[in-house]
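**Q** The structure is given below, and queries will be raised subsequently.
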């Protein structure tokens, strides 16, 4: 999935507006920063979504609601945001 779509969705999901959204997309803030991505995962959990994160041997599995994505640990931030995006957008 394109990082632009994920970063825009994450920024809006967390309540950012206008220029903040554009800056998040340009910097790929949520898809490259695990810390920022965890804020997205935390909000999903706070809203009642079942979230899981498993890291083993350099591989990551992220679940949010019914959505599940897998990849390498280097992709952690993007995987978190993608799982949450899929969970909230069917």
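Read the figures in this text as sums done on the coordinates, not as results from a lab. As the structure is a computational prediction, the values presented were derived from the model and not from experiment. Methodologically, a virtual Cβ is constructed for each residue, glycine included, from the backbone with ideal geometry; neighbour enumeration extends over all protein chains shown.
**Q** Considering only region 19-45, how many residues are out of contact with any helix residue (DSSP H, G or I) (no Cβ under 9 Å at 6 or more places or on another chain) and farther than 18 Å from residue 86 by Cα?
**A** Adding up the residues that qualify gives 1.
**Q** To continue, here is another question. State the number of residues belonging to region 65-78 that are touching a residue at least 24 places away in the same chain (Cβ under 8 Å) and either touching a strand residue (DSSP E or B) at 6+ places or on another chain (Cβ under 7 Å) or over 12 Å from residue 53 (Cα atoms) (or both).
**A** Qualifying residue count, region 65-78: 2.
**Q** Identify all residues within region 6-25 that are under 11 Å from the mean Cα position of the chain (by Cα) and over 16 Å from residue 41 (Cβ atoms); write none if there are none.
**A** The one that is under 11 Å from the mean Cα position of the chain (by Cα) and over 16 Å from residue 41 (Cβ atoms): 8.
**Q** If only one of 54, 68, 59 is within 13 Å of the chain's Cα centre (by Cα), on the phi < 0 side of the Ramachandran plot and surrounded by fewer than 19 Cβ atoms within 10 Å (Cβ to Cβ), which one is it?
**A** 68
**Q** Going residue by residue through region 73-84, is there one that turns out to be farther than 21 Å from residue 4 by Cβ and over 10 Å from the mean Cα position of the chain (by Cα)?
**A** So the first thing to find is which residues in region 73-84 are farther than 21 Å from residue 4 by Cβ, and the list is 73.
After this cut, where a residue has to be over 10 Å from the mean Cα position of the chain (by Cα) as well, the list is 73.
Looking for residues that are farther than 21 Å from residue 4 by Cβ and over 10 Å from the mean Cα position of the chain (by Cα), one finds at least one in region 73-84, hence yes.
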